[in-house]
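The values are calculated or read from the model by the stated rules, or taken from the named source; none is laboratory data. Model, not experiment: these values are computed from the prediction. Cβ placement follows ideal geometry from the backbone for every residue including glycine, while neighbour counts extend to all protein chains displayed. Protein only, heavy atoms only, side chains kept; ligands, DNA and RNA dropped before computing areas. Shrake-Rupley method; radii C 1.70, N 1.55, O 1.52, S 1.80 Å.
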Amino acid sequence: MLQTEYVRNLNANYERILLDKKPEENRYQYCIIGRGGIRGLLACSLRYINGLAYLYYDISSKQNVVQRFGSRCITREWIRDFIWSMRQIRQELGRFLLDSKNVLWYPEQIFQDLDSNVFSFMYIPYYEGENGFLDLVEFWVDHIDYNDEGLVEWVYHVYDQAEKSGSIYLQSQIFEDVRILENAPEPVEQAFVAEREPVAGEPIKEEKILPQQEERDERKGLLSLFENRRRRNREARENYQAQMMSAINGCAVAEDSMYDCEEYGRTVYIEEKPDEGRRVYRLYTSDDRLLKSLDKPIVTIGKKKEEADVVLEDSSVSRLHARIILEGNEFYLEDLNSTNGTYKNGLRLNPYEKRKLRTGDELKCGRVALIFR
């Protein structure tokens, strides 16, 4: 299993991967990856710390897919753009004679720029482990828009093919299959044959099931089998913190400062309606102006109006900068891989790190100060 950590170093944020053995850094793939400049790949560098070898990937100003769609639906348009990016990165790797099997497809290792929507992938030279594509498709299963029946059928088809064929399916067939999503879904037509009375002396024919009917029955059964996922879909999006905690191995660390990690316990589902006896906390500006009541489990802070609950129009604030999460009866501040940092009482959080909030705490997103009380 990959051992990953989020790291802050100077003015950049990184996700680093611990290599299980000392790499032969003079081999071709390490030389090419270290040189950089390959479109679609995260900039990568090889570093040694206390005799251990790490690959550092620059993730500044980007969000991974798990964070991006933890509480939102994946649409067919996003799937089409993603598959197109998969094809582009395969072609780009081919230009540099790099093996596409070394790309990680785990959703938490795929990043997207929120401004340009460009995808960036991780490449591990001479990687021999699982590439995580099946995990990615399982993430799609849990987060796709279940109102789009055509998308649902396509995703489960991809899941079935990925289970049967593995990485072979990624070579070319998936790029052909995605064309189905280019058109709006059409209703399934049922074929009917008018019944008639048998003629005397006519041999009775055995009823045959047409291949089209078998396909429709199989598809119908598949959708029925995963009907429970449709019902759980909304709840899963509202309470995805448990997924995040299990998806990211280790906790975020800083190379220029150390402080104790806190144990937060298991995340439990919180109804959006606050308990009648529970105090409602609020965010205030530094001049004591009410900014937002924290009346739901997750409140996102940033300057991207379409996705942030608290919009801070300041150039030092990232599009999705931070969020405040309710777990049990406690609120936590979490950095969302921001460029200029998230601070609690003057102490900077690491990428994706969470810190417990108490009444009167000062939060700072870039240059903007907020008060929690």
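Only a single criterion out of (1) open to solvent by 40 Å² or more (accessible area, probe 1.4 Å); (2) touching an Asp or Glu at 6+ places or on another chain (Cβ under 7 Å); (3) not acidic (Asp, Glu) is not satisfied by Pro351, namely (1). Which condition breaks for Asn26 when tested against (1) over 22 Å from the mean Cα position of the chain (by Cα); (2) in a helix (DSSP H, G or I)? Here Asn26 clears every test but (2). Taken together, the residues in region 101-143 that are more than 24 Å from Tyr156 (Cα to Cα) and among the hydrophobic types (A, V, I, L, M, F, W, C) amount to 4.
Any residue that is of a type in the set (D, E, K, R) and either open to solvent by less than 100 Å² (accessible area, probe 1.4 Å) or assigned to a loop (DSSP other than H, G, I, E, B) (or both) - is there at least one of those in region 33-42? Yes, the conditions are met somewhere in region 33-42. Determine the pairs where a residue that is under 13 Å from Leu363 (Cβ atoms) and open to solvent by 10 Å² or more (accessible area, probe 1.4 Å), located within region 324-341, has a partner that is modelled with pLDDT of 90 or more and not in a strand (DSSP E or B) with Cβ atoms under 6 Å apart, the partner being 6 or more residues away or on another chain. Close Cβ pairs satisfying both conditions: Phe331/Leu357.
The number of residues in region 363-373 being open to solvent by 10 Å² or more (accessible area, probe 1.4 Å), in contact with a strand residue (DSSP E or B) (Cβ under 7 Å, 6 or more places away or on another chain) and touching a residue at least 24 places away in the same chain (Cβ under 8 Å) comes to 3.
Across region 75-108, which residue is most open to solvent (accessible area, probe 1.4 Å) among those that are assigned to a loop (DSSP other than H, G, I, E, B) and farther than 26 Å from Met1 by Cα? Full working, then the answer.
If we filter region 75-108 for residues that are assigned to a loop (DSSP other than H, G, I, E, B), which is where we start, we get 75, 96-99, 104-106.
Going one step further and asking which of them are farther than 26 Å from Met1 by Cα, we end up with 75, 96-97.
Details: Thr75: 53, Phe96: 38, Leu97: 136 Å².
Ranking the qualifying residues of region 75-108, first place goes to Leu97.
Would you say Ile59 is hydrophobic (A, V, I, L, M, F, W, C) and more than 21 Å from the chain's Cα centre (by Cα)? Here the answer is no, as Ile59 does not meet what is asked. Residues considered: Arg72, Arg68, Arg47. Of these, the only one that is crowded, with 17+ Cβ neighbours inside 10 Å, among the charged types (D, E, K, R) and more than 17 Å from Phe96 (Cβ to Cβ) is Arg68. Going by what's in this entry, would Asn131 be described as assigned to a loop (DSSP other than H, G, I, E, B) and closer than 12 Å to Phe82 by Cβ? So Asn131 does not fit the description; no.
For Leu52, the conditions (1) within 27 Å of Gly94 (Cβ to Cβ); (2) of a type outside the set (Asp, Glu); (3) at pLDDT 90 or above are fulfilled apart from (1).
If the condition is being surrounded by 16 or more Cβ atoms within 10 Å (Cβ to Cβ), within 22 Å of the chain's Cα centre (by Cα) and either of a type in the set (Ser, Thr, Tyr) or part of a loop (DSSP other than H, G, I, E, B) (or both), then region 288-306 contributes Pro297, Thr300, Lys303. Among the residues of region 1-32, the ones that are under 15 Å from Ala53 (Cα atoms), of a type outside the set (D, E, K, R) and open to solvent by less than 20 Å² (accessible area, probe 1.4 Å) come to 4 in all.
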